[in-house]
Structure formats: structure tokens, C-alpha cells
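Data first, discussion second: the structure below is written as C-alpha cells.
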Amino acid sequence: MDYPLGSFPRFGYQERWARERRARAIANSAITRRNNAAYYLNVEKAFFNWLIQLANSMTPRNEEGVKTIAAIQNKLSRIRAKLEGGNRVYFKCLGRIFHTIAVSSNTFSDIHNLDEKTLASVAENIGRDELFKLR
């Protein structure tokens, strides 16, 4: 007999209940993972929309700025295709793009020296705030 979730019945008559608990735990876990993935996809979309507004407000000051904005717009268009397809992009990637926008436009000076993990956390928090504003 196989007991993958560590539920070992002591007596034979307990085996049926252990099987039901195991099936319920697996089902609940799959539902929770699906719900969390949908929630985080919505948060990523909200942050992405905020990022689009930020990128559109950038004005280039020189030729290098024009190239940087074009590269950022190219990245954003690829990310848009993924998000519209229902695929997650993850906050680490979105945080990197946010950092690039902040450094190239010389705004948000407090995030210029952050590491990727902190940038991902900042992106997630902004996305949650933007999602909350939409509701």
C-alpha cells in the first residue's frame, strides 16, 4: 500500500478514512495551486499595466534614450503576448524591467541599488496595490 502524505493507518479498518483524507488533501492542494496561480497572474497583469503607463510617460533626452525606450517597448510587447495567453511572467522579470525604466529615466532613485529578490517584492506589492484599486 502506498501512503504518500504520511498518513499511515494503525488498523485495517482505518485504511478507508486514510484514503479519503489523502484524496481530499490532493484535491484541495490542486485547487489551491490553481487559485493562487490565477491570483498572481492578475497581480502581474495589474503591475504590467502600471509599467506600460510608466514606460509611455518616458521622454528620451538623447539618441541612447531612444534606443533604450525602443528596447523596453520590445520587451513589454513580448510580455504582453505571454500575459494575454494566460502564461505567468513572474515578478523577477517584471522587477528587472521596472529597474531598467527607473535607471534610464532617472526616477525612483530608491530602487536603483536593490537586488532582484527585493525588486520582485516591490513589483508584487505595486501589482497588489494596482489590483486593489481596480476592485
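What follows draws every value from the coordinates through simple rules; no lab data is involved. Just so you know, these numbers come straight off a predicted model, no measurement behind them. Please note: Cβ atoms are built from the backbone with ideal geometry, for glycine as well, and neighbour counts cover all protein chains shown.
Going through Leu76, Leu83, Leu94 one at a time, which residue ends up being hydrophobic (A, V, I, L, M, F, W, C) and touching a Lys or Arg at 6+ places or on another chain (Cβ under 9 Å)?
Leu83
Could you tell me whether the range 108-115 includes any residue that is of a type in the set (Ser, Thr, Tyr) and buried (at least 18 other Cβ atoms within 10 Å of the Cβ)?
No, the range 108-115 has no match at all.
Between a first residue in the range 28-48 that is touching a residue at least 12 places away in the same chain (Cβ under 8 Å) and part of a helix (DSSP H, G or I) and a second residue that is surrounded by 12 or more Cβ atoms within 10 Å (Cβ to Cβ) and of a type in the set (Ser, Thr, Tyr), which pairs have beta carbons less than 8 Å apart while being 6 or more apart in sequence or on different chains?
Every condition considered, the pairs that remain are Glu44/Tyr90.
Report, ordered by the first and then the second residue, all pairs with beta carbons closer than 6 Å, sequence separation of six or more or different chains, a first member in the range 59-81 that is of a type in the set (S, T, N, Q), and a second member that is surrounded by 11 or more Cβ atoms within 10 Å (Cβ to Cβ).
Close Cβ pairs satisfying both conditions: Thr68/Ser104.
Step by step: first the residues of the range 55-97, then only those that are part of a helix (DSSP H, G or I) and among the β-branched types (Val, Ile, Thr), then the one that is surrounded by the most Cβ atoms within 10 Å (Cβ to Cβ). Which residue is that?
Looking at residues that are part of a helix (DSSP H, G or I) and among the β-branched types (Val, Ile, Thr), I get Ile97.
List, please: which pairs have Cβ atoms under 8 Å, are six or more places apart or on different chains, and start with a residue in the range 100-118 that is within 14 Å of Thr59 (Cα to Cα) and end with one that is loosely packed, with under 11 Cβ neighbours inside 10 Å?
Qualifying pairs under 8 Å: Ala102/Ser109.
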